[in-house]
Amino acid sequence: MFRQNVKILIISVVAFVLGALCLFNVLLIDVKGIHMNSGINLNDYNGISYVDNERITASRGRIYEKSGAVLAQDIEAWDVVAYVSPDRPGNSLGTYYVDDVPKTAEILAEILGADKQELIDLMSQDVFMTYLGAAGRGISTEKKDQIAALNLNGIEFERVRSRYYPYTPYASHLIGFAGYTYAEDGGDNMLQGKTGIEADLDKYLTGKNGRQSYYRDTTGNSIVGQQIEYTPAINGNDVYLTIDDRIQTALKKALEESYDLGWSTENAWGIIMECKTGKIVAYDNYPTYDQNELDIEDYIDLNAMLPYEPGSVMKTFAYAAAIDYGGLDPNDRFDSSNYMIGEKADGNIERLYWYAPNYVNTIMNFRGWTYGEVDYWYGFAASLNTGAVSLLEKYVDRYTYQDYMHKFGFFKTVDVLGIPFESEGIENMTYVTEVATTTYGQGSAFTALQVVQGYSAFANEGRMVKPYIVDKIVDSQTGEIVYKGETVYSDPVVSKETSDTILKMMEKTSDPNYDGSGRYYYIDGVRIAIKTGTAEVVDSNGEYGNRSIHSAVVMMPADDPELMIYMCVKDSDAYYTHNHEVWKQLERTCAEVYNLYDRPNAEKKEEVTPRVVYKDAMPNLVNHTAAYAHNKLNSMGMNIISIGNGSTVLAQYPKENSTLISKQRVMLLMGSTDYEMPNMSGWSRKEVTAFWELTGIEIVMDGSGYVTEQNISPGELINNSTQIIVKLQ
């Protein structure tokens, strides 16, 4: 105990002495102008004029996709500062303030794209200094250098950071964007998330600015070695998503092609999720927007924020309730003619065959067609509304059905970390007709996130899996994981037997030899479980008009689903026969990436270019020889791009443990100075960005898609000063 007290006493004395010396040093500088430690006489620096306080801007955390590609990052930017007071210290020559406001405003307005009069008004204020409005905030280094070269009196620059999205447009509504929030109370101006993940995870992504202060002499120059205070910046955390670039790119293409097919398409949206884990591997809206240009027409994330009537994809949940609660056997039969609904005294449904006092409405099938007496296999596969409504009469009462809808997670948010402003949906099941129409997805409204969560129960023996999109959040300075996404299952919603039966009914719907609505989505080589939906859309007058939402849930393989695709298109095509090839190509890409072909009992695989998937197989090649790296990659059939000359690998793309597909490009950095310009024809935006990150050579990318043109010929020597421009289509 005695030794411990002595130790505490010694520490206290040392701390006191150090504090006293710091205080004495400040007093010595203030009174005599002498720095105690260095002995420098500050009077030799034309006298201390003032203390300058500078902000050290913290970096906002990066956002990465699954393989490590950067989807959002900070880049260097500048705020233009105008010193407008002739009383500014160091202004003995009259060059430290804006002495000609109109001329300066005219020059800057042209460069910044600002209003000249607005700049004049800002620089005419009775203040010491001023910023030049939104046009002068966060400008590029190129534009800053252009202004600096003009040597305009009183115009200086403050280093800040701007948010940059290398792949944009890329899941833009999901990732969102960040912009500056300018403090009005003298506080820090910070990049702040405005929408999407940038907004929802702002508290993780935002860093903490540092500070430093030091003396300046009467000429405005800082006095070397006379730093008073220094507090380092703390950078924000990095966010790693579950998004898989190959699947994300395929979904984006499918949504865009669906939109471009015509039929006055208004928008399209979709989610692709791993059925067993809940990992969302693709998520997008179309039309989308460029996060760097912010050419935004609509801020709504349709997958999470839009409650809509999905149509017949909701029949699956009515069938599940009828099987699980009422013992429905799909071989049971029902009358598929128009269904006249009568309401019993207890609020439940009965079927009428003539008008009676308790008649409330008549339900018809699509186009008004009837098929006589059919079994429920056919009722489900052909998506007959009358079959869905009959379930409430024969197998499950309306109140129990409503309970099942809540158990499936409808009418409450899914609460996915990273996705803000989720809608709860709209529950319209007060009246018996509303309950009846909800069985086939009209009347009540749901979100796409709710639909995929509900369907996941049929892939997991009756338990739903919670969707998630944030794989982990990492402290960018220490590497410590501060949050880890994980698979979370619900309690059983239905029995394993019920979920197995539903999968069999969905698979039968895709049978090309059966009259099911899913036969148009069948592809050879994979067993498909599917349910389609077509819903009428309410117009601005509150009436159902000529717009429809077409959707489908595909799970594959049907015997033990690993992947779920859900996509919706809103257009004016009532019958929706034009988009099947787009859908099927998306299915093929997913099946190829996830190696879902050639399962037991599957049909012969379609003829496609054979490519092998190597899951999590990218080796760590850094510090290995070129021969070793080439031997490893050649064995998997990779397309190797060597950058620079050298015998040892300095860096690599993709990163270690990434999933590879034979014939894909793998980049190895072998040198660190001059490089030969590669032929980038056919490279994706992601691959171009990877080359930029490996070499540090900035590349201007015009457009989206794949490289079609480059301004530097292949083989030419390039370095950090080379301006590379590529065009993508």
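The values are calculated or read from the model by the stated rules, or taken from the named source; none is laboratory data. Quantities reported herein were computed from a predicted structural model and do not represent experimental measurements. Using ideal geometry, Cβ is built from the backbone for each residue, glycine included, and neighbour counts are taken over all protein chains shown.
Details
- Restricting attention to the range 326-352, the residues being in contact with a strand residue (DSSP E or B) (Cβ under 8 Å, 6 or more places away or on another chain) and of a type outside the set (A, V, I, L, M, F, W, C) number 13.
- Residue that is nearest to Asn235 (Cα to Cα), among those in the range 195-221 that are in a loop (DSSP other than H, G, I, E, B), out of contact with any Asp or Glu (no Cβ under 9 Å at 6 or more places or on another chain) and modelled with pLDDT of 80 or more: Gly207
- Flag for Ser476 being closer than 21 Å to Lys66 by Cβ, of a type outside the set (Val, Ile, Thr) and part of a loop (DSSP other than H, G, I, E, B): yes
- Of the criteria (1) touching a Ser or Thr at 6+ places or on another chain (Cβ under 6 Å); (2) under 26 Å from Ala171 (Cβ atoms); (3) crowded, with 17+ Cβ neighbours inside 10 Å, which one Lys727 fails: (3)
- When Arg88, Arg159 are screened for being at pLDDT below 90 and in a strand (DSSP E or B), only Arg159 passes.
- Pairs linking a residue in the range 611-634 that is assigned to a helix (DSSP H, G or I) to a residue that is of a type outside the set (Val, Ile, Thr) and surrounded by 15 or more Cβ atoms within 10 Å (Cβ to Cβ), with Cβ atoms under 7 Å and 6 or more positions apart or on different chains, are Ala626/Met670; Ala629/Leu621; Ala629/Leu668; Lys632/Pro619; Lys632/Leu621.
- Odd one out for Ile323 among (1) surrounded by fewer than 21 Cβ atoms within 10 Å (Cβ to Cβ); (2) in contact with a Ser or Thr (Cβ under 8 Å, 6 or more places away or on another chain): (1)
- Residues that are under 39 Å from the mean Cα position of the chain (by Cα), without any contact (Cβ under 8 Å) to a residue 12 or more places away in the chain and under 18 Å from Gln442 (Cα atoms) number at least 1 in the following helices (runs of 4 or more DSSP H) confined to the range 355-408: 398-407.
- Only one entry in Asp284, Asp244 is touching a residue at least 24 places away in the same chain (Cβ under 8 Å) and under 20 Å from Thr659 (Cα atoms), namely Asp244.
- Only one of the listed residues (Tyr440, Tyr395, Tyr359) is more than 30 Å from Ser510 (Cβ to Cβ), of a type outside the set (A, V, I, L, M) and modelled with pLDDT of 95 or more. That residue is Tyr359.
- Meets criteria (part of a strand (DSSP E or B) and either hydroxyl-bearing (Ser, Thr, Tyr) or assigned by TED's automatic domain parsing to the domain that holds Phe410 (or both)) for Tyr455: no
- Extreme residue, surrounded by the most Cβ atoms within 10 Å (Cβ to Cβ), among residues of the range 538-565 that are in contact with a Phe, Trp or Tyr (Cβ under 9 Å, 6 or more places away or on another chain) and among the polar types (S, T, N, Q): Ser551
- Odd one out for Leu449 among (1) over 30 Å from Asp397 (Cα atoms); (2) buried (at least 24 other Cβ atoms within 10 Å of the Cβ): (1)
- Residues that are touching a Leu at 6+ places or on another chain (Cβ under 9 Å), part of a loop (DSSP other than H, G, I, E, B) and under 25 Å from Lys144 (Cα atoms), drawn from the range 64-85: Val84
- Filter result for Glu257 (modelled with pLDDT of 95 or more and surrounded by fewer than 24 Cβ atoms within 10 Å (Cβ to Cβ)): no
- Counted residues, the range 145-156 - those being over 13 Å from Ile107 (Cα atoms) and either charged (D, E, K, R) or part of a helix (DSSP H, G or I) (or both): 2
- Some residue of the range 417-428 being touching a Lys or Arg at 6+ places or on another chain (Cβ under 9 Å), assigned by TED's automatic domain parsing to the domain that holds Asp301, buried (at least 18 other Cβ atoms within 10 Å of the Cβ) and touching a residue at least 12 places away in the same chain (Cβ under 8 Å): yes
- Residues in the range 242-264 that are closer than 15 Å to Cys568 by Cβ and either of a type in the set (Gly, Ala, Ser) or in a helix (DSSP H, G or I) (or both): Leu251, Lys252, Ala254, Leu255, Glu256, Glu257, Ser258, Tyr259.
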